[in-house]
Each structure stands twice: as C-alpha cells, then as structure tokens.
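One structure is given below, encoded as structure tokens.
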Amino acid sequence: MKYYVLFGPPGAGKGTQAGSMVERYQLCHLSTGELLRSEISAGTPLGLQAKTLIEAGNLVPDEVVEGMIESKFRSVKNVKGFLLDGFPRTIAQAEALDAMLAKNGEAVTACVSLMIPDALIHERIAHRANIEGRADDARPEVVENRVKTYHAKTEPLIEFYRKAGRYHEIDGVGTIEEVRERIFTEMDKF
C-alpha cells in the first residue's frame, strides 16, 4: 500500500490536482475536511465527538482526526494507496501518522509538495474567492493569517520529510496541465 502526503501552501493547487492523482494511481483521497463532514453526517462516534467540539467553537483534536484516518485505512479496499490532503499539518501529526503506519509495517511513501511563492498564494486565493464565492477567501486578513499559520506550523514538515528522504517538491507555478505533468513525472518514480 502506498501513502502519499499532498502538501503545499493554501492556493497551491492541491484540490485541483488531487483528482487526477487519485485516478492515475488508483488512490483513495482522504481530505480531512471532507472526512470530518462525512463522519459527522454518518453519526459515527468520532463524528459525534467532532460535531460537539465544532458546535462549541473548538478545534477538533488531533487524536479524533487521526482516529478517522486510521479507520479509513482499515475500511477502504480495492485501492493501491491513499492520498492524504490536509493531514498532517504539524510535526506532531506527522509523527502520529508514522506511528499509525508503523503498527502495520508501513510508512509514508512520499510527501508530494506543490510550492508557489507567497504573492501567488494571495492572487490565487482572491481568484478562488471570486469564482467559488468563498467569503472566507475574500478577506485579505484571513488569507494573510492562513499564510502565516502555514509558514509557522506546517512548513516545518518540509524538513521533517526531507530528513526522512520522502520529500519531493513540485513547482506549482504554471498551467494546471504543466503542474500535473510535473507531479506525474515525480510520482511515476515511486
């Protein structure tokens, strides 16, 4: 089984590229946001716990998200692997993922990182706000906070996966097709 971490700053094109990656490599796409919504709507114990926390205005703790991911690893069949989107976002989450996989003698295959400069992050998110009508993407202070949070909390994962020999950076600047071809060229190596 292969386990890919899809990584990059907000607006890098992860959501745009994930569908093609899933199709080409026969992967199950695990987006933490979609996973939380699915568990909540299904009324699972983890979903109910998450719903209570969210309704109270709290963040869902790592162990709840990790439990949902581990449950998917066990239940999803007929795929060649998983594409993790939105997890891990911190070193602690990456260490938890490693421990989760190690229990079954497995490990992260690769961290596929779509990288774009900060100026392009702002441009793409503003464009997305206009096209998708996402109010949260329309406010510059919200976007700036996302970028700061990415740099402070998520970006350290680059060195974490680089040290493990699993970090593979893709230039995320260009057309969707150009970036997709770069991703496929790199992933074909695994």
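Keeping every protein chain present and rolling a 1.4 Å probe, give me the accessible area per residue for segment 15-66 in Å².
Numbers: 2960 Å² over 52 residues.
Result: 57 Å² of accessible area for each residue.
When the accessible area of segment 74-129 is split by element with a 1.4 Å probe, what percent falls to carbon and sulfur?
On segment 74-129, the fraction of accessible area on carbon and sulfur atoms equals 53 percent.
Nothing charged except the Cβ atoms of Lys and Arg (+1) and of Asp and Glu (-1): what's the magnitude of the dipole of the chain about its Cα centre? Round to the nearest 20 debye.
Values: 24 positive and 28 negative charges, 86 e Å.
For the chain, the charge dipole is close to 420 debye.
What Kirkwood hydrodynamic radius, in Å, does segment 137-183 give when the mean of 1/r is taken over all pairs of distinct Cα atoms and then inverted? Walk me through the intermediate numbers first.
Numbers: mean 1/r = 0.0781 Å⁻¹.
Averaging 1/r across every pair of different Cα atoms and inverting gives 12.8 Å.
For Pro156, what is the net charge nearby, where nearby means another residue's Cβ is under 13 Å from its Cβ and Lys, Arg count +1, Asp, Glu -1?
On the way: positive: Arg89, Lys153, Arg162, Lys163; negative: Glu95, Glu155, Glu159.
Result for the local shell: +1.
Would you work out the Kirkwood radius for segment 41-85? I mean one over the mean of 1/r across all pairs of different Cα atoms, in Å. Show your work: numbers first, answer last.
Working: mean 1/r = 0.0852 Å⁻¹.
Here the Kirkwood hydrodynamic radius works out to 11.7 Å.
Would you mind computing, in nm to one decimal, how far apart the modelled labels at Arg74 and Asn145 are, each placed 7 Å from Cα along Cα→Cβ?
3.6 nm
For the chain, with the dipole built from +1 on Lys and Arg beta-carbon atoms and -1 on Asp and Glu ones, taken about the Cα centre, which of Ile131, Ala107, Val173 lies farthest toward the positive end?
Result: Ala107, furthest along the dipole toward the positive end.
Using a 10 Å cut-off on Cβ atoms, rank the peptides 82-94, 143-155 from the highest mean neighbour count down.
Highest mean packing first, the order is 82-94, 143-155.
Quantify how much of the Cα-Cα distance distribution of segment 1-85 extends past 15 Å, in percent. Mind showing how you got there, number by number?
Values: 2149 of 3570 pairs.
Value for segment 1-85: 60 percent of Cα pairs lie more than 15 Å apart.
I need the P(r) histogram for segment 19-173: all alpha carbon pairs, bin width 10 Å from 0 out to the longest distance, whole percents.
9, 32, 39, 19, 1
Once you list every other residue whose beta carbon is under 13 Å from the beta carbon of Gly8, what net charge do they have if Lys and Arg are +1 and Asp and Glu are -1?
Numbers: positive: Lys14, Arg89, Arg124, Arg146, Arg182; negative: Asp85, Asp118, Glu155, Glu169, Asp171.
Here the charged neighbours net out to 0.
The values are calculated or read from the model by the stated rules, or taken from the named source; none is laboratory data. Because the structure is predicted, anything quoted here is derived from the model rather than measured. Methodologically, a virtual Cβ is constructed for each residue, glycine included, from the backbone with ideal geometry; neighbour enumeration extends over all protein chains shown. For the accessible areas, the whole protein counts, side chains as well, though only heavy atoms, and no ligand, DNA or RNA atoms are used. Shrake-Rupley method; radii C 1.70, N 1.55, O 1.52, S 1.80 Å.
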